[in-house]
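Asker: Sharing a structure below in structure tokens format, with a few things to ask.
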């Protein structure tokens, strides 16, 4: 079993506003990345569970929204592990766009 990729994204929005901005954000992000498809996205309170597919490989994880940060945890299959640092950079960039105050 591989170690999950964990990305923490700070924000100053408060929990409710962060959840509002993130709902549907995974689908919008996937629409901009041709090799990424969202297979499942479900919310339970302030936590989203998801399953995505990239390069024919499935990955699943959670996104937990806290008052001042969001923690994304995703377990990548061995093939996608090679792209973990690229994924982390992309997640941080997209997260900043969604969570920056406007």
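Asker: So residue 7 fits all but one of (1) assigned to a loop (DSSP other than H, G, I, E, B); (2) surrounded by 15 or more Cβ atoms within 10 Å (Cβ to Cβ); what number is the exception?
Answerer: (1)
Asker: Same structure again: Scan the stretch 57-71 residue by residue and report those that are in contact with a helix residue (DSSP H, G or I) (Cβ under 8 Å, 6 or more places away or on another chain) and in a loop (DSSP other than H, G, I, E, B).
Answerer: Across the stretch 57-71, the qualifying residues are 66, 67.
Asker: Ok, one more. Suppose we filter the stretch 17-55 for residues that are in contact with a helix residue (DSSP H, G or I) (Cβ under 8 Å, 6 or more places away or on another chain), in a loop (DSSP other than H, G, I, E, B) and more than 15 Å from residue 87 (Cα to Cα); how many remain?
Answerer: Number of matching residues: 1.
Asker: Report, by residue number, each residue of the stretch 44-74 that is out of contact with any strand residue (DSSP E or B) (no Cβ under 6 Å at 6 or more places or on another chain) and touching a residue at least 40 places away in the same chain (Cβ under 8 Å).
Answerer: 65, 66, 67, 68
Asker: Which numbered condition trips up residue 21, out of (1) closer than 18 Å to residue 7 by Cβ; (2) modelled with pLDDT under 85?
Answerer: (2)
Asker: Inside the stretch 72-87, can you point out the residues that are surrounded by 15 or more Cβ atoms within 10 Å (Cβ to Cβ) and either in a strand (DSSP E or B) or in contact with a helix residue (DSSP H, G or I) (Cβ under 9 Å, 6 or more places away or on another chain) (or both)?
Answerer: 72, 74, 75, 76, 80, 87
The values are calculated or read from the model by the stated rules, or taken from the named source; none is laboratory data. Values in this document were obtained by computation on a predicted structure and should not be read as measured data. Heads up, the Cβs are rebuilt from the backbone with ideal geometry, glycines too, and the neighbour counts pull from every protein chain shown.
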